[in-house]
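J.: Questions regarding the structure given below will be posed in turn.
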Amino acid sequence: MLRFFNTLTRKKMKFVPIEKGKVKMYTCGPTVYDYAHIGNFRTYVFQDILRRWLEYRGYKVTQVMNLTDVDDRTINASRQQGIPLNQHTQRYIDAFFDHMQRLNIQKAEHYPRATQHIPEMVALVKKLLEKGYAYKAEDGSIYYNIRKFKGYGKLSKVKLKQLKIGARVKVDSYEKEQAWDFALWKAWDQNDGDVYWETEIGKGRPGWHLECSVMSMKYLGETIDIHSGGVDLIFPHHENEIAQSEALTGKKFVNYWLHSEHLMVEGERMAKSLGNYYTVKDLLDKGYHPNAIRFLLLSTHYRQQLNFTFEGLKAAENTVERLTLFLNRLSEADGKPAGQELRTLMKQTKKTFEAAMDDDLNITAALAAVFDFVRDVNRMIDQGKVSKKEAKAVYDLMMNFDKVLGVMGKVEKKALPKDIEALVQKREEARKAKNWKTADAIRQQLYAMGIILEDTKNGVRWRQKA
RNA sequence: GCCGGGGUGGCCGAACGGUUCAGGCGGCAGCCUGCAGAGCUGCUCUAUGUGGGUUCAACUCCCAUCCCCGGCUCCA
C-alpha cells in the first residue's frame, strides 16, 4: 500500500488518486534570478524520485513545475546587471535545465512561467476582489485579506495571533488592513523599472503566491493530487496558495502536501555569506560525478535534514561505483545456473525494495535491500553459480531499480583509444612472459592516464578511474 | 516568545516495543591474485545525548533536562 506523509494532516496517509491510475502533481520550481544551488536540487531530486516511484507503480503522472521569472529578486538582479528581465532569467533557466539533466531528473510535462500567465493571474485577482477576499490599498497594490479565509493556517498550523511581525513589514504602513495580509498584485514603483503590466487591475506585477495557484489550476484542475516543495514553503507560500485557490473555487486545492527537508552544509545552513554555497556546476567542476551528486541527494530520506559534506560526496561516489562495478561483473558472469536460490532472492529483494518505497519513499531501506542483493549475488558469482542467462535477469532487475534511483546508467563498452589498446596489449605480452616489472610499469602508466586495469580469469578488464 | 524536526558505532544513516542493532563509506586482517584491482569473509560494531519512569521486554512509550537544526511574509 502506497503511503505518503501529508503535511496537512501530519500523518502518513494511504495514497488514493482523484482519478484512478493518474496523478496530477505540482512541484514548486526555481526562482530564476541566479543559479540554483544543491539545496534546491535536493528538493528537485526528491520530486524526481516521487515522480519515478509513482510511475513505477503504474500511474500516469502529469507534473507541472513552475519557473518564477518575475519577483523582487529577479527584477533586482536584472536591473543591477543592466540586462532586460527576460534575458536575465533565460540565462538561469537554461542553466537550470542543464543541471537538471546532469542530475538525471526526468522532465515534467509542463514548465509554465509566471510572466506567461499574467492574464490568468489578473482574472483570479479580479474574482477574489469580487468575492470580497481581496482589497486594493492606497498605492494600487491588491492584498488578500486572510481573516476572510476560515481555514487560514491549516497547513502550517500557525496561529495568526502568534505570528511575529517580520522586519520587512513597515510599521508605519497602514496600507494593509493586517500586517500579515499578502500581496496578490504589486503596484508598479520606480524600483521595478520597465517591469510592469498594464492590466484591468492596474499597472504592476503579480505577487509570488499567485502564479502557483493559477498555473496549478490551469494545467491540472481545481483539485490536484500532490503538491510538493521545500519545507520553507509551507508558510507562507503554500498556506497562501490554499487561501487563494480555495477561496476562489470553494474546493479543496490539494489532497497531499509533501515537503522535503533542507540540506545543510557541514552542519550549518548553506549561505553565500558563509562561503558554503554550492551549485551543481561547482561540484562538477571539482570533478565529482553527477551520479554521485544525485546519489548523495537522494540517499537520505526526504523528510530528514541532509548534511552535505565533501567526505559524504566522496563516499557517495564510492557507493555508486560499487553498483556500476557490480553491473560490469554481471555482464561477465558465466557460471552454472543457480536456479531456485537466485530466483527466490530476486523475488524477495524486489518485494522488500517496493515495500520500502511504498512507505513514504523510505529510500534508505530500499537501498539496503539492493545492497544486500548485490552482496549475495556477488558471492554466488564468486562460487561460479550464476549463469549468463541468470546474470542478464539480475541485470534487468538492477535496471528496474534504477528506473527509480537513476544513478547506475547503462553499462556501455566503450572502445579504448588505439594507443592505449596498444599499451594494454604490450602489458599482456609482458605478463605472459612473466615480466612483472614491465607489466606493472605499464599498469602504473595507464593508471596515471585514468585507466584502471584488472586481471581476471577471463582476461584483462579496464575501467575509467572515477 | 510561539510552532516544528532531530540527537544511533570512526563517518553517513535505517529501525520506532521483542529474532544476531539494516545498509553504505572508511580502517585493519584473511581468502583469491605473480603483485594489485574487484569480489567474498571476519574484525572495528555488545551504539542509541543525559537522568528518571512504565513494561516480562525500550532506540522505540511517558516525564525531566542538555544540545543541534528549521519556520514565524516572498529562502527548496
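J.: Across segment A:319-345, what is the total count of residues that are free of Cβ contacts under 8 Å to residues at least 12 places away in the same chain and basic (Lys, Arg)?
T.: As a first pass, look at segment A:319-345 and keep what is free of Cβ contacts under 8 Å to residues at least 12 places away in the same chain: A:339-340, A:343-344.
Cutting the leftovers down to basic (Lys, Arg) gives us A:343.
So the count comes out to 1.
J.: Out of the residues in segment A:293-318 that are more than 6 Å from RNA strand B (Cβ to nearest atom), surrounded by 20 or more Cβ atoms within 10 Å (Cβ to Cβ) and in contact (Cβ under 8 Å) with a residue 40 or more places away in the chain, state the one that is farthest from A:Ile363 (Cα to Cα).
T.: For segment A:293-318, the residue satisfying everything is A:Phe308.
J.: Would you mind stating whether A:Ile363 is buried (at least 19 other Cβ atoms within 10 Å of the Cβ), over 30 Å from A:Glu55 (Cβ atoms) and near RNA strand B (Cβ under 10 Å from one of its atoms)?
T.: no
J.: Out of A:Leu124, A:Leu129, which single residue is farther than 25 Å from A:Thr27 by Cα, over 25 Å from the mean Cα position of the chain (by Cα) and in a helix (DSSP H, G or I)?
T.: Numbers: A:Leu124 fails: farther than 25 Å from A:Thr27 by Cα.
Of the residues listed, the single one that is farther than 25 Å from A:Thr27 by Cα, over 25 Å from the mean Cα position of the chain (by Cα) and in a helix (DSSP H, G or I) is A:Leu129.
J.: Mind listing just one residue for me: the one in segment A:405-444 that is part of a loop (DSSP other than H, G, I, E, B) and within 16 Å of RNA strand B (Cβ to nearest atom) and, of those, surrounded by the most Cβ atoms within 10 Å (Cβ to Cβ)?
T.: Applying the filter and picking the extreme gives A:Val407.
J.: Residues to consider are A:Asp396, A:Asp402; find the one that is under 28 Å from A:Ala369 (Cβ atoms), surrounded by fewer than 13 Cβ atoms within 10 Å (Cβ to Cβ) and out of contact with any Pro (no Cβ under 8 Å at 6 or more places or on another chain).
T.: Numbers: A:Asp402 fails: surrounded by fewer than 13 Cβ atoms within 10 Å (Cβ to Cβ).
Unique residue meeting the criteria: A:Asp396.
J.: Only one of (1) surrounded by 13 or more Cβ atoms within 10 Å (Cβ to Cβ); (2) under 30 Å from A:Ser299 (Cβ atoms); (3) in the same structural domain as A:Gln348 (by TED's automatic domain parsing) is not met by A:Arg379, so which one is it?
T.: Only one criterion is unmet by A:Arg379, namely (1).
J.: Oh, and also: Among residues belonging to segment A:39-77 that are closer than 20 Å to A:Ala356 by Cα, in contact (Cβ under 8 Å) with a residue 60 or more places away in the chain and aromatic (Phe, Trp, Tyr), point out the one that is nearest to RNA strand B (Cβ to nearest atom).
T.: Step by step, filter segment A:39-77, then rank; the result is A:Phe46.
J.: Wholly within segment A:180-225, which strands (runs of 3 or more DSSP E) include no fewer than the required count, namely at least 1 residues that are under 22 Å from A:Val64 (Cβ atoms) and within 15 Å of RNA strand B (Cβ to nearest atom)? I'd like the intermediate steps shown before the answer.
T.: Values: elements: A:182-187, A:197-199, A:202-206.
Answer list for segment A:180-225: A:182-187, A:202-206.
J.: Kindly evaluate A:Val254 against the criterion of being of a type in the set (Val, Ile, Thr), at negative phi and within 14 Å of RNA strand B (Cβ to nearest atom).
T.: So A:Val254 does not fit the description; no.
J.: Follow-up. Given the criteria near RNA strand B (Cβ under 8 Å from one of its atoms), outside any loop (DSSP other than H, G, I, E, B) and among the polar types (S, T, N, Q), does A:Asn240 qualify?
T.: Considered against the rule, which asks whether it is near RNA strand B (Cβ under 8 Å from one of its atoms), outside any loop (DSSP other than H, G, I, E, B) and among the polar types (S, T, N, Q), A:Asn240 comes out as yes.
J.: Any idea which residue in segment A:448-466 is farthest from RNA strand B (Cβ to nearest atom), counting only those that are closer than 21 Å to A:Leu313 by Cα and among the small types (Gly, Ala, Ser)?
T.: A:Gly450
J.: Please count how many residues of segment A:367-386 are more than 6 Å from RNA strand B (Cβ to nearest atom) and acidic (Asp, Glu).
T.: 1
J.: Then there's this: Report the residue count in segment A:76-91 for those that are in contact with a Gly (Cβ under 7 Å, 6 or more places away or on another chain) and in a loop (DSSP other than H, G, I, E, B).
T.: 0
J.: On the basis of being within 20 Å of A:Gly29 (Cα to Cα) and part of a helix (DSSP H, G or I), does A:Tyr256 make the cut? Give the steps one after another, and end with the answer.
T.: Details: within 20 Å of A:Gly29 (Cα to Cα): yes; part of a helix (DSSP H, G or I): no.
In short, no.
Rundown of residues vs (1) among the hydroxyl-bearing types (Ser, Thr, Tyr); (2) surrounded by 20 or more Cβ atoms within 10 Å (Cβ to Cβ); (3) assigned to a strand (DSSP E or B), yes/no style:
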| position | (1), (2), (3) |
| --- | --- |
| A:Met13 | no, no, yes |
| A:Lys20 | no, no, no |
| A:Val23 | no, yes, yes |
| A:Asn40 | no, yes, no |
| A:Tyr44 | yes, yes, no |
| A:Thr74 | yes, yes, no |
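The values are calculated or read from the model by the stated rules, or taken from the named source; none is laboratory data. The model shown is predicted, which means the values in this text are computed figures rather than measured ones. Cβ coordinates were reconstructed from backbone atoms using ideal geometry, including for glycine residues, and neighbour counts include every protein chain displayed.
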